[in-house]
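Down below is the structure, laid out as structure tokens.
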Number of protein chains: 2
Amino acid sequence: MQRKPLVKETFLYLQVAAKIEKQIKDEVLKAGDKLPSVRMLCRELGYNMSTITQAYYELESRSLIETRPRSGYYVSLLPARRLDLPASSKPAVTKNIDDLDYLIGRIHEDSGRPEVTMLSLGVPHISLLPVAKLNKALVQATRTLPGSGTAYDPVQGNEKLRKEIARWSLSWGGTLNEKDILTTTGCINAVAYCLMALTQPGDTVALESPAYFGILQLAKGLGLKVLEMPSNPDTGIELDALKTSLVQNQIKVCLLVSNFNNPCGSSMPAAHKKEVVNLLEYHNVPLIEDDIYGDLYFGTSRPTTCKAFDESGNVLYCNSVSKTLAPGYRVGWAAPGKYMDKLLSLKRNHSISSTSITSEVVAEFLKNGRYENHLRKMRQTLHHNSIKYSSAVARYFPAGTKITQPQGGYFLWIELEKEINTARLYDQARKYNISIAPGRMFTLREQFDNCLRLSFGLPWNEELEKKIKLLGTLITATF
Amino acid sequence: MQRKPLVKETFLYLQVAAKIEKQIKDEVLKAGDKLPSVRMLCRELGYNMSTITQAYYELESRSLIETRPRSGYYVSLLPARRLDLPASSKPAVTKNIDDLDYLIGRIHEDSGRPEVTMLSLGVPHISLLPVAKLNKALVQATRTLPGSGTAYDPVQGNEKLRKEIARWSLSWGGTLNEKDILTTTGCINAVAYCLMALTQPGDTVALESPAYFGILQLAKGLGLKVLEMPSNPDTGIELDALKTSLVQNQIKVCLLVSNFNNPCGSSMPAAHKKEVVNLLEYHNVPLIEDDIYGDLYFGTSRPTTCKAFDESGNVLYCNSVSKTLAPGYRVGWAAPGKYMDKLLSLKRNHSISSTSITSEVVAEFLKNGRYENHLRKMRQTLHHNSIKYSSAVARYFPAGTKITQPQGGYFLWIELEKEINTARLYDQARKYNISIAPGRMFTLREQFDNCLRLSFGLPWNEELEKKIKLLGTLITATF
């Protein structure tokens with residue numbers, strides 16, 4: 001299954017790049033093929049040198065082509081075998097009462113062990129983060145904050161940060177202002193407050209399936225029933241299924257990861273987003289939108305959000321800098337629409353305020369444009385990683401393996417042959433200091449036992465290739 | 001009502017100080033009286049100069065006596081009128097459905113306005129905090145932490161910090177180790193996780209009365225019924241009333257602020273603590289102990305905790321550095337006994353981890369002994385403030401005013417004549433940029449309308465005396 005490139009063809013060089021990309025995708029240009037020289041392409045297309053050079057640079061930054069010294073540009077060695085996409089999910093009906101807490105706890109513990117290669121959690125490697133610049137901003141923040149950050153922030157959060165988040169919302173077509181925003185202890189804390197504001201134990205929350213285990217456990221812990229909805233690995237939640245459930249009045253609240261979903265990498269097309277917002281508004285069901293991966297797109301423009309289509313305040317938007325800047329800072333936020341008063345009250349009751357100093361650092365980072373520069377590099381690296389990781393999976397995993405083709409975010413979702421149990425694979429891989437996320441964690445039902453999620457947040461290198469090769473060997477040898 | 005001094009008479013100089021203190025309390029020595037010279041007292045008591053000097057120094061540090069240059073020591077000008085203590089609370093039976101959220105929200109907003117004199121919230125003034133030293137430790141922490149604090153902490157919290165908290169528990173007779181401790185976003189977040197771990201909506205939590213409005217709102221927000229228990233402003237919860245409620249099987253969980261309670265300043269005597277722990281253990285009712293003010297004692301030794309008597313893990317101990325070091329750091333912790341797994345799971349689901357960098361700074365501060373030095377000075381200042389504030393209340397408030405005599409913490413609880421409504425007083429005082437906490441906030445029932453809580457966290461000066469005088473004038477003039 002092919003997917004349309006996300007590129008908006010506004011600039012000449014992007015148009016050229018898009019044409020070459022299409023030829024690569026259509027295998028007109030094959031892996032290893034030499035591309036025409038810049039000079040030659042100038043003559044052929046009638047554009048100037050700078051346009052062609054920029055186009056090649058763009059394609060190189062996206063790992064589609066590569067330079068070989070003193071030789072020229074070549075099509076990158078993309079997956080030799082192109083793997084199929086997994087099918088849309090059809091969540092099982094039977095429930096399973098196994099407690100996944102133990103497994104999830106073990107995976108969180110893995111992250112504290114430096115000897116373990118963490119392919120399980122969606123955590124940015126330190127080499128992806130602008131640590132030195134953040135440290136400078138930290139010292140600066142002790143000068144600008146009252147009491148150097150020892151004082152409480154306002155309950156709603158650092159005002160400068162809220163202004164910058166509001167300004168940033170323009171990038172996805174939002175028109176928030178600082179009064180619409182409340183800061184939280186990371187994105188999951190924003191989601192938690194939203195769920196607490198909107199539900200009582202026994203209520204039902206509808207999620208895409210598979211779904212992030214953190215959200216599943218959160219919902220379970222709040223005593224909610226989870227309705228795992230059929231979802232497409234490319235376009236997210238199936239609208240027909242959602243309509244049916246809404247008409248049957250089964251849903252109290254809907255919670256979607258609308259861009260580069262965890263674990264499947266799906267992104268709802270803008271038209272789906274608009275339709276979902278209208279549908280939920282009509283049925284008076286609030287939508288919690290988790291957009292934590294939205295800034296990590298591999299194309300050239302930021303995908304929009306459901307919140308951008310929200311006119312009545314029915315969408316509660318959640319985000320953070322935990323995937324892009326500094327997980328340990330615990331800086332997240334919600335734009336909860338008409339539920340702001342409830343969220344303010346919950347935050348006041350449960351934690352009073354956010355950490356003052358890390359809020360100020362993030363505000364400063366957004367304000368002076370450093371965040372944008374940083375994200376540009378980070379996206380290139382993640383895009384590069386996603387290609388390298390999926391190439392390696394194609395090379396080393398057994399026949400019958402299926403894999404997603406995310407256009408952003410951190411994750412590959414891999415479907416193995418039915419008889420392969422990835423919870424057992426986790427145990428085996430763990431002996432070799434590799435931590436993976438078994439598919440079983442992404443559901444509360446009896447399914448996905450043959451799936452796994454791989455995070456590509458670690459930098460690509462030979463060592464990592466060996467680990468993925470080893471995973472492939474373990475799968476082939478054991479099962 | 002007189003109260004026994006908390007002084008343990010171990011050192012000679014403390015014995016001497018205690019004797020003089022008794023004479024002052026008994027009004028044998030009256031405000032303004034000249035004390036015998038050091039030399040004279042040496043001869044009289046047969047002790048050496050250094051012992052007597054230390055005794056005088058101790059009394060001076062506690063604002064009981066004062067030096068006049070080239071003249072000698074004098075008994076301080078303590079309250080000219082000694083005000084009565086409020087009686088034990090007898091919580092009203094009728095419930096009131098007023099929403100206090102609005103009032104509480106306004107008071108939190110007051111704290112964001114520099115022109116407002118904040119007598120309402122228990123927040124340490126910046127002059128009480130070791131800001132420069134914390135800033136140094138912050139820079140240091142960027143060097144010792146992985147990724148300079150951009151990386152996630154373990155779910156359970158920074159290990160160094162947990163070790164230091166465990167070591168610190170010795171000060172109240174605890175024997176915790178780092179595995180017993182979980183870090184949280186301040187103390188209220190620890191209390192919130194404990195309540196969520198132990199209750200379902202509809203369950204009943206027993207509290208002292210009056211109680212901290214933050215805890216009342218938290219419990220209400222979680223759908224809990226609140227049983228406000230009769231409490232003594234000196235010794236805390238009335239044991240007989242607790243026994244009755246336990247026998248009647250009314251309580252799912254008990255939540256006590258065992259030392260320097262907010263708002264009344266009561267401290268449970270050690271024998272009460274032990275008895276409560278045994279009683280609750282017998283009835284299989286868990287105890288959440290909020291010890292956030294425990295380190296802020298005005299006597300010479302740290303009061304013990306209920307947790308110190310807990311042998312079965314039935315006590316969930318909560319604390320933070322928000323009242324002592326840096327509210328804006330949001331560093332708190334729980335030692336939840338046998339409920340650790342539940343709390344770990346809740347923390348993982350609701351916020352994943354704590355802010356890495358502020359945890360490390362507090363760990364470092366505890367480790368190198370700076371915390372102890374800092375606390376010593378802070379306690380002296382707060383003790384001094386408590387005397388100055390209550391003297392001013394005695395001087396400027398109308399006849400019939402009753403006031404607590406806290407031996408630690410941040411708060412004076414004041415009972416005015418029945419016809420005086422302190423919610424109206426709040427509105428009036430707010431026009432003069434004074435923020436007070438009306439008594440009505442400290443209950444979910446129809447009571448305490450004639451009470452208020454004053455925080456003495458702001459440094460004492462003439463300006464502040466004028467504000468308290470103005471409050472007195474407003475009360476007298478308006479009602």
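The values are calculated or read from the model by the stated rules, or taken from the named source; none is laboratory data. Since the model is a prediction, treat every value here as computed from it, not as a measurement. Using ideal geometry, Cβ is built from the backbone for each residue, glycine included, and neighbour counts are taken over all protein chains shown.
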Could you list all residues from region B:170-205 that are farther than 27 Å from A:A197 by Cβ and either more than 14 Å from chain A (Cβ to nearest Cβ) or among the β-branched types (V, I, T) (or both)?
B:L170, B:S171, B:W172, B:G173, B:G174, B:T175, B:L176, B:N177, B:D180, B:I181
Conditions (1) in contact with a strand residue (DSSP E or B) (Cβ under 7 Å, 6 or more places away or on another chain); (2) of a type in the set (A, V, I, L, M); (3) modelled with pLDDT under 95 -> A:A211 fails only (3)
Residue check, B:E446 under 30 Å from B:L224 (Cα atoms) and of a type in the set (D, E):
yes
Can you tell me which residue in region B:140-154 is farthest from the other protein chains (Cβ to nearest Cβ), limited to those that are surrounded by fewer than 22 Cβ atoms within 10 Å (Cβ to Cβ) and among the β-branched types (V, I, T)?
B:T144
Positions within region A:336-384 being among the polar types (S, T, N, Q), within 11 Å of another protein chain (Cβ to nearest Cβ) and out of contact with any Ser or Thr (no Cβ under 7 Å at 6 or more places or on another chain), in sequence order:
A:S345, A:N349, A:S353, A:S356
Can you tell me which condition B:T185 does not meet? The list is (1) crowded, with 17+ Cβ neighbours inside 10 Å; (2) in contact with a Lys or Arg (Cβ under 8 Å, 6 or more places away or on another chain); (3) over 30 Å from B:H108 (Cβ atoms); (4) polar (S, T, N, Q), and all the others hold.
(3)
State all residues of region A:129-154 that are under 22 Å from B:I352 (Cβ atoms) and at pLDDT 95 or above; if no residue qualifies, say none.
A:L129, A:P130, A:V131, A:L134, A:L138, A:G149
Since A:E364 meets every condition but one in (1) in contact (Cβ under 8 Å) with a residue 60 or more places away in the chain; (2) of a type in the set (D, E, K, R); (3) surrounded by 24 or more Cβ atoms within 10 Å (Cβ to Cβ), which condition does it not meet?
(3)
Assuming B:E115 fulfils every condition listed in (1) out of contact with any helix residue (DSSP H, G or I) (no Cβ under 9 Å at 6 or more places or on another chain); (2) acidic (D, E); (3) within 11 Å of chain A (Cβ to nearest Cβ); (4) touching a residue at least 40 places away in the same chain (Cβ under 8 Å) apart from one, which condition is it?
(3)
Scan region A:118-139 and tell me whether some residue there is touching an Asp or Glu at 6+ places or on another chain (Cβ under 8 Å), facing another protein chain (nearest Cβ under 7 Å) and touching a residue at least 12 places away in the same chain (Cβ under 8 Å).
no
Report yes if some residue within region A:322-332 is more than 10 Å from chain B (Cβ to nearest Cβ) and modelled with pLDDT of 95 or more; otherwise report no.
yes
When region A:388-402 is examined, which residues are found to be without any contact (Cβ under 8 Å) to a residue 24 or more places away in the chain and either within 21 Å of A:E66 (Cβ to Cβ) or part of a strand (DSSP E or B) (or both)?
none
In this structure, does A:R167 turn out to be closer than 30 Å to B:Q140 by Cα, out of contact with any Lys or Arg (no Cβ under 6 Å at 6 or more places or on another chain) and either at pLDDT 95 or above or more than 9 Å from chain B (Cβ to nearest Cβ) (or both)?
no
Test set (1) touching a His at 6+ places or on another chain (Cβ under 9 Å); (2) surrounded by 22 or more Cβ atoms within 10 Å (Cβ to Cβ) - A:L161 fails condition number
(1)
Which members of region A:413-432 meet the condition of being surrounded by 19 or more Cβ atoms within 10 Å (Cβ to Cβ) and under 18 Å from A:E463 (Cβ atoms)?
A:A429
Please determine whether any residue of region A:247-258 is part of a helix (DSSP H, G or I), modelled with pLDDT of 95 or more and among the polar types (S, T, N, Q).
no
Any residue in region B:336-353 that is on the phi < 0 side of the Ramachandran plot sitting within a Cβ distance under 7 Å of a residue that is among the charged types (D, E, K, R) and part of a helix (DSSP H, G or I)? List the pairs, counting only those 6 or more apart or interchain.
B:S345/A:D101
Return a yes/no flag: does region B:199-222 have any residue that is in contact (Cβ under 8 Å) with a residue 24 or more places away in the chain, in a loop (DSSP other than H, G, I, E, B), buried (at least 22 other Cβ atoms within 10 Å of the Cβ) and of a type in the set (V, I, T).
no
Here are some residues: B:Q405, B:Q447. Which one is touching a Leu at 6+ places or on another chain (Cβ under 9 Å) and part of a loop (DSSP other than H, G, I, E, B)?
B:Q405
